[in-house]
Amino acid sequence: VAITDATFNDNCSVSSIAWVMTGAVNDTGSGQVGTYTFPIGTTTITYTVSDNATPANTATDVMTVTVTDNENPTVNATSNVVTTTSADASGDCTVDVAITDATFNDNCSVSSIAWIMTGAV
């Protein structure tokens with residue numbers, strides 16, 4: 001994310017601008033933030049500007065960067081299975097069937113995959 005430069009002003013010259021990030025990101029730096037990679041969550045950026053007075057006068061201001069995941073995961077079930085009760089040679093009215101794993105993907109990590117059987121089972 002390209003962070004818009006913080007603006008500041010003082011009747012004396014400004015000697016420094018620094019920032020501290022807390023929350024989803026914990027980092028510090030001086031000058032402008034510029035472009036930064038943020039994970040999902042909320043990061044607070046606190047800017048502190050100091051002037052050249054003795055002792056230095058300071059001012060602070062805060063902004064937040066909130067990143068949310070708005071992309072749905074994908075899931076692909078395998079092909080339908082058609083079989084007979086004699087396919088496993090057990091001689092009863094059931095059959096053991098190995099179901100091929102579904103495939104899934106997401107731009108972020110997938111937290112879970114679940115399934116429900118309906119019908120005869």
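Summary table below
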{"read-out": "Relative packing of peptides 19-28, 100-109 - highest average C-beta neighbours within 10 Å first", "value": "19-28, 100-109"}
{"read-out": "Dimensions in Å of the chain - Rg and Dmax from alpha carbons", "value": "28.7, 94"}
{"read-out": "Solvent-accessible area, 1.4 Å probe, carbon plus sulfur percent, for the chain", "value": "52 percent"}
{"read-out": "For VAL33, distant residues with modelled amide H under 5 Å away", "value": "ALA6"}
{"read-out": "Candidates SER30, SER79, SER90: whichever shows maximal mean-square fluctuation once the chain is modelled as a Gaussian network with Cα springs under 10 Å", "value": "SER90"}
{"read-out": "Selected from VAL75, VAL97, VAL110 as most flexible by GNM, with the chain as the system and alpha-carbon contacts under 10 Å", "value": "VAL97"}
{"read-out": "Extreme residue, positive dipole direction of the chain, given options MET63, ILE40, ALA87 (C-beta unit charges)", "value": "MET63"}
{"read-out": "Check: the chain dipole with +1 on Lys, Arg Cβ and -1 on Asp, Glu Cβ, in debye", "value": "200 debye"}
{"read-out": "Per residue solvent-accessible surface (Å²) - the chain, probe of 1.4 Å", "value": "75 Å²"}
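The values are calculated or read from the model by the stated rules, or taken from the named source; none is laboratory data. What you see is a predicted model; the values in this text were computed from it and never measured. Virtual Cβ from ideal backbone geometry, glycine too; neighbours counted across all protein chains shown. For the accessible areas, the whole protein counts, side chains as well, though only heavy atoms, and no ligand, DNA or RNA atoms are used. Shrake-Rupley method; radii C 1.70, N 1.55, O 1.52, S 1.80 Å.
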